[in-house]
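The structure under discussion appears below in the form of structure tokens.
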């Protein structure tokens, strides 16, 4: 079982519950802290591996760029990376039949987890936690004050990651769970997960296990309430985030005949978000250019130094025949590229005589 | 006039843009090229375009997986004599995917690659370049996928294609395929060339920047984009039937001494297989279980077969001490 959803959405709570109902959280885990006193429920290997992969892809865990999914797609298809997961997951399954894997970064690699899980003969399912975006942003601002992301970017990150997590899992065995409903009555939500994902063992857990699971539910955990009032997020983004939120809620309790319309609306939301992000990037282009200008100047200076060095080396090499040089100047690169190699070689030999 | 506010979600899907038609030098208006480029963001996914001629034998393996994997399939038939278009419709009907398949006819003799292609104008209906542009002009989704009538997707490859449809929504990406040839000798025996994998650009945005241009020996889509994604070699393979003439779409067949490595390799393998001589290095023989066609067998087991033939996996150490394949190979040999 893969647990997806934005950080601060109740994913840790769900894993702590499920981890007491027959599912195993691979050890060692990330240590608990004040932001998550009951523990994160995240395997250390998974966190470290995802962190390394995101670094390679140049993607942030709550990246707001729609283009970031293409960056992680490359890694999802990398053979060596697939083999790493295959080995680790295979080892885990050799010891335990049911695993629950959670990490806020996991959404970026869902296709990889799904594929490797299937290769190992596992039945892969996804539970995505839902929490109002304003609550998520407020919670992150409170518990991660050292991170430099601003409100609007966090809100955009929520929209991007939730829209594409939904799209990524559309063909999967999946269920959506609201954080506030999990807190209100976790037994109902677990029963729903059990029924919709066909995992009867969840509701067949022993009484002691259920009591242990209940001990993780602390309604005081719901500390941030939904309000955009104190958040600096532009109106158009708030409007889109609310639309996405409303449709994601429908996925958590939609009747089957309404499903198609909801999915179609979510497709339109993704298109709208891509447009919004593109225009935001365009408007902010002056800021981006100003930020990279010193770096570009530095690179240009280094290249100039390197060219001077190359020229002095070239001066010691035999000169290219004049006709061949003239040919290169007269024929445009796009035309030169289309000339078959055999013709180029023949021409070079002829002009070199 | 459509709203310029990028956040307005009026519920309407992004509409393709019809450009000015490209005319052909023969003046056949019905076959002018009318593009349906799609510039705005769209979740419409991939349209696979198959240009086929007498592919009835391969179609039962080629068409079902691609119908399952993409949003739309356009099959352009070029004077088939074996019932290819009718079979395509039947396959789609059996699968319940009729709504996804569009069958078109391109009734002109198209020049073969090589000298014939070289001496055919690119705006002639007989040019492969024109043929390809005409075929792809019917795409109305965000991405076009060039698919051949002999390319077979593995089940894992189907999922990769389904995922790429949304993974590439936010970029102007291109997709490069890596595939090997499978030479089919009989219903139960085939030969797979594991040593040579050729790469081909197969997916790109449906925009004016990506059209086909004429090269000396063949056509090519332009240009390369910054966001290039390479799909793994286990995604699909290319069927070659040993009893057929696999080079009949070329006007010059002196591949043995030609500059194209891919064609030299195919020529060498086919000659060895037909001549009964030793198999070239990297070519393995596959025999399927009784009552299972070898192509079905390969399709279901292709990923496993390619993984066995691939580089040794490396161990991941979060501390950053990742062993190289070379080190692992040495370790394996020592043990």
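Things to note:
- Residue within the stretch B:37-47 that is at pLDDT below 95, away from chain A (no Cβ under 14 Å), surrounded by 15 or more Cβ atoms within 10 Å (Cβ to Cβ) and over 17 Å from the mean Cα position of the chain (by Cα) present: yes
- A single entry from A:238, A:233 fulfils the requirement of being out of contact with any helix residue (DSSP H, G or I) (no Cβ under 7 Å at 6 or more places or on another chain), within 23 Å of residue A:132 (Cα to Cα) and either surrounded by 11 or more Cβ atoms within 10 Å (Cβ to Cβ) or within 14 Å of another protein chain (Cβ to nearest Cβ) (or both): A:238.
- Residue in the stretch A:134-148 that is touching a residue at least 12 places away in the same chain (Cβ under 8 Å), out of contact with any strand residue (DSSP E or B) (no Cβ under 7 Å at 6 or more places or on another chain) and not in a helix (DSSP H, G or I) present: yes
- Residue B:201 more than 9 Å from every other protein chain (Cβ to nearest Cβ), at pLDDT 95 or above and part of a strand (DSSP E or B): no
- Being at pLDDT below 95 and surrounded by 16 or more Cβ atoms within 10 Å (Cβ to Cβ) is a property that does not hold for residue A:128.
- Candidate set: the stretch B:166-176, residues that are part of a loop (DSSP other than H, G, I, E, B) and crowded, with 21+ Cβ neighbours inside 10 Å; chosen: the one nearest to the other protein chains (Cβ to nearest Cβ): B:170
- Boolean, residue A:104 is more than 25 Å from residue A:12 (Cα to Cα), in the same structural domain as residue A:276 (by TED's automatic domain parsing) and not in a helix (DSSP H, G or I): no
- Test: residue in the stretch A:149-167 that is more than 30 Å from residue B:169 (Cα to Cα) and either assigned by TED's automatic domain parsing to the domain that holds residue A:50 or not in a helix (DSSP H, G or I) (or both): no
- The criterion of at least 2 residues that are away from chain B (no Cβ under 13 Å) and in contact with a helix residue (DSSP H, G or I) (Cβ under 9 Å, 6 or more places away or on another chain) is met, among helices (runs of 4 or more DSSP H) falling completely within the stretch A:1-90, by A:11-18.
- Residue in the stretch A:136-150 that is surrounded by fewer than 19 Cβ atoms within 10 Å (Cβ to Cβ) and modelled with pLDDT of 95 or more present: no
- Residue that is nearest to the other protein chains (Cβ to nearest Cβ), among those in the stretch A:168-219 that are part of a helix (DSSP H, G or I), in contact (Cβ under 8 Å) with a residue 60 or more places away in the chain and under 30 Å from residue B:158 (Cβ atoms): A:168
- Residues located in the stretch B:136-165, provided they are at the interface with another protein chain (Cβ under 10 Å from one of its Cβ atoms), in contact with a helix residue (DSSP H, G or I) (Cβ under 8 Å, 6 or more places away or on another chain) and either within 20 Å of residue B:52 (Cα to Cα) or crowded, with 23+ Cβ neighbours inside 10 Å (or both): B:160, B:163, B:164
- Scope the stretch B:92-104; condition closer than 21 Å to residue B:139 by Cα and in contact with a helix residue (DSSP H, G or I) (Cβ under 7 Å, 6 or more places away or on another chain); matching residues: B:92, B:97, B:98, B:100, B:101, B:103
- Residue in the stretch A:278-290 that is under 18 Å from residue A:174 (Cα atoms), free of Cβ contacts under 8 Å to residues at least 12 places away in the same chain and not in a helix (DSSP H, G or I) present: no
For (1) more than 12 Å from the chain's Cα centre (by Cα); (2) free of Cβ contacts under 8 Å to residues at least 24 places away in the same chain; (3) more than 21 Å from residue A:100 (Cβ to Cβ); (4) not assigned by TED's automatic domain parsing to the domain that holds residue A:102, each residue gets a yes or a no:
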position: A:21; (1), (2), (3), (4): yes, no, no, no
position: A:29; (1), (2), (3), (4): yes, yes, no, no
position: A:33; (1), (2), (3), (4): yes, yes, no, no
position: A:40; (1), (2), (3), (4): yes, no, no, no
position: A:51; (1), (2), (3), (4): no, no, no, no
position: A:56; (1), (2), (3), (4): yes, yes, yes, no
position: A:65; (1), (2), (3), (4): no, no, yes, no
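The values are calculated or read from the model by the stated rules, or taken from the named source; none is laboratory data. All of these numbers come straight from a predicted model, not from anything done at the bench. All Cβ positions, glycine included, derive from the backbone under ideal geometry; neighbour counts span all protein chains shown.
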